[in-house]
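Notes follow once the structure below has been shown.
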Amino acid sequence: MGAWRAAIARVGRVGLAALVASLVLVAPGGGGALAGLDAAGGVSVEVPVGVLADGGLGGAAAGKTPSVLGLNNGFGSDARTRRVITWLMPTSARLTQVRVLVTPAGRGFSSSAARVVKATSTSPGGALRGYRAFTARLTRLTPGTRYLYRLTGVTSSSAGKKKWRSGVYSFATAGAAERDFVFLALADSQGSAASYDKYWGHTLRRAVAAQRSAAFVLHAGDMVDNASSAAEVTAWVRALGGALASPGFFPVLGNHEVGKKPGRVFSQLFPRGSVGDLPLTYAFEYSNALIIGLNTNRTDAATLAQLGDWVGERARAFRARGEGAGAGRERFVIVLLHKSPFGGWHSGETLEAKGDTGTRNLRRYLAPRLEEAGVDLVIAGHDHNYIRSFPIRAGEPQRDVAGARISAARDGLVYMIPRNSGGKTYPVVPTSAEVRPWINRLWNPGLRTLDPSRGVYASVRVTAAALEVVAWTAGEVEIDRFEVTHDGAGG
């Protein structure tokens with residue numbers, strides 16, 4: 001890293017005005033609301049009166065039907081045959097006999113023909129201590145099949161016991177045969193309790209509506225600004241509405257989710273797994289891609305080395321299973337984490353926030369292992385600017401590879417930050433050939449208060465030969481486009 005690290009050290013002698021003037025900007029170019037609650041498949045959604053009629057809001061006050069909050073799903077260990085469905089209900093509902101009814105879409109939903117799966121419940125505590133989290137683990141599903149599902153149970157109140165049911169939702173399992181697919185990536189939805197629906201909810205809904213076939217949604221952390229605030233966490237969860245009823249959802253924890261109780265809240269609402277004592281550290285395969293989520297809130301050298309070794313083991317096993325398959329498809333490895341080793345405001349030897357050595361350690365102890373593991377793309381957050389790095393090879397930015405087609409095998413590993421999806425904004429980060437020289441593309445309109453249409457998400461299409469990445473605003477403006485391959489055509 002010698003030459004450009006020395007250049008970073010000279011930043012104190014470079015005027016801020018000159019730095020801002022030298023920004024590399026992507027000129028914006030031209031590029032619905034959800035149909036019902038099913039974002040992925042065109043299946044009409046039944047919404048019984050009093051149940052989810054407000055999009056998942058509401059409680060269990062006297063005379064009111066309790067409603068679902070934070071409905072989401074993941075894949076468990078196999079996206080083709082398993083699904084893990086989780087949601088919240090207020091404890092005052094005293095919900096018992098909780099079940100998920102699931103049936104292939106076929107001719108429509110029929111309770112009598114549905115398979116019944118019992119749900120377990122936990123108390124997230126912390127900011128969600130007024131709720132219980134219910135989880136149903138569906139197994140023995142058929143690959144490449146669309147399913148309909150409904151949540152049911154019995155509520156108890158002073159008026160007696162009543163049967164309860166949600167609306168009908170749908171999801172589709174991954175196909176047995178490998179095929180192209182799309183996923184979405186967002187970051188930093190944090191804001192104030194009053195802002196989550198206006199900004200985070202709006203960006204999420206627009207992303208899912210624009211990419212209706214998306215198989216899953218990634219979130220690079222800092223879901224909320226204060227994970228101990230009941231008002232914030234419940235407002236963030238309410239903003240989900242029904243957007244995550246169909247596509248899977250896979251977040252990681254950011255620095256604003258640090259702490260024992262916040263970690264418990266989100267790991268119970270999104271039970272995706274953990275490695276050691278790091279909640280929301282997991283891996284799953286979907287077609288010809290391996291997705292690895294990392295909790296990088298502990299940034300000591302030993303922990304980061306262990307995480308890097310684990311990534312390497314998963315990547316090698318994933319690629320080994322593809323050898324000799326004859327499908328003619330490359331196998332891509334994508335890592336999701338919060339702080340980018342090659343990011344913006346929090347990156348740079350002399351530019352890190354006072355006392356913040358976390359990003360420096362990520363660059364020293366984790367980034368080399370990601371390269372060794374053959375990771376193709378890292379998706380991060382934390383910096384609230386849209387950033388795409390030059391390919392990083394042997395720790396050095398390959399500044400001569402400035403085009404939109406990158407060969408991971410030849411050019412190196414690309415780091416991307418899809419700006420922020422919430423109402424909390426940062427200034428435009430300074431960058432130049434001397435300051436943060438790894439930054440290839442940068443986009444930030446510099447708004448002090450975020451316009452809801454300027455929230456950002458990325459769509460990634462995984463094909464047989466490439467990762468086709470497009471960054472969009474919630475207003476459907478394309479701000480960047482690039483492709484990661486394994487061939488030697490880079491540049």
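Take residue 82: with every protein chain present and a 1.4 Å probe, its accessible area is about 90 Å². Could you tell me which of rounded, prolate or oblate describes region 77-232, using a ≥ b ≥ c as the square roots of the eigenvalues of the alpha-carbon gyration tensor, with rounded for a/c under 1.5 and, failing that, prolate when a/b is larger than b/c and oblate otherwise? It is oblate, given that a/c is not under 1.5 and a/b is not larger than b/c. Taking every protein chain into account, the 1.4 Å probe leaves residue 451 with about 70 Å² of accessible area, to the nearest ten. When a/c reaches 1.5 or more, the comparison of a/b and b/c decides; with that in mind, is region 148-284 rounded, prolate or oblate per its Cα gyration tensor? Taking the square roots of the gyration eigenvalues as a ≥ b ≥ c, region 148-284 is rounded. Length gained on full extension, residue 154 to residue 118, computed as 0.36 nm times the residue gap minus the Cα-Cα distance: 11.7 nm.
Classify region 393-491: rounded, prolate or oblate, from the alpha-carbon gyration tensor (a ≥ b ≥ c, eigenvalue square roots; a/c under 1.5 rounded; otherwise prolate if a/b is larger than b/c)? It comes out oblate by the Cα gyration axes.
For residue 80, neighbours were defined as the other residues whose beta-carbon sits under 14 Å from its Cβ, and their charges (Lys and Arg +1, Asp and Glu -1) total +3.
Using the Cβ atoms and a cut-off under 10 Å, what net charge is assigned to the surroundings of residue 318, where Lys and Arg are +1 and Asp and Glu are -1?
On the way: positive: 314, 316, 319, 321, 331; negative: 285, 313.
Local net charge: +3.
Net charge within 10 Å of residue 392 by Cβ-Cβ distance, Lys/Arg positive one each and Asp/Glu negative one each, not counting residue 392 itself? Could the numbers behind the result be given before it?
Details: positive: 363, 393; negative: 371, 396, 411.
Net charge in that neighbourhood comes out at -1.
Dipole of region 81-217 (Lys/Arg Cβ +1, Asp/Glu Cβ -1, origin at the Cα centre): which of 189, 122, 157 lies farthest to the positive side? The residue sitting farthest along the positive end of the dipole is 157.
What translational D, rounded to a whole number of µm²/s, comes out for region 241-339 from Stokes-Einstein when the hydrodynamic radius is the Kirkwood one over Cα pairs, at 37 °C and 0.692 mPa s?
Values: Rh = 14.8 Å.
Taking Rh from Cα pairs, D becomes 221 µm²/s.
Put 339, 163, 424 in order of accessible area, highest first, and with a 1.4 Å probe you get 163, 424, 339. One decimal place: the segment residue 209-residue 447 gains 83.2 nm when fully extended, by the rule 0.36 nm per residue minus the C-alpha distance. Residue order by solvent-accessible surface for 229, 340 is 229, 340, largest first, with ligands and nucleic acids left out and a 1.4 Å probe.
The values are calculated or read from the model by the stated rules, or taken from the named source; none is laboratory data. Everything numeric in this text was worked out from a predicted model, so none of it was measured. Note: ideal-geometry Cβ built from the backbone for every residue, glycine included; neighbour counts use all protein chains shown. Accessible surface areas use protein heavy atoms only, side chains included; no ligands, DNA or RNA. Shrake-Rupley method; radii C 1.70, N 1.55, O 1.52, S 1.80 Å.
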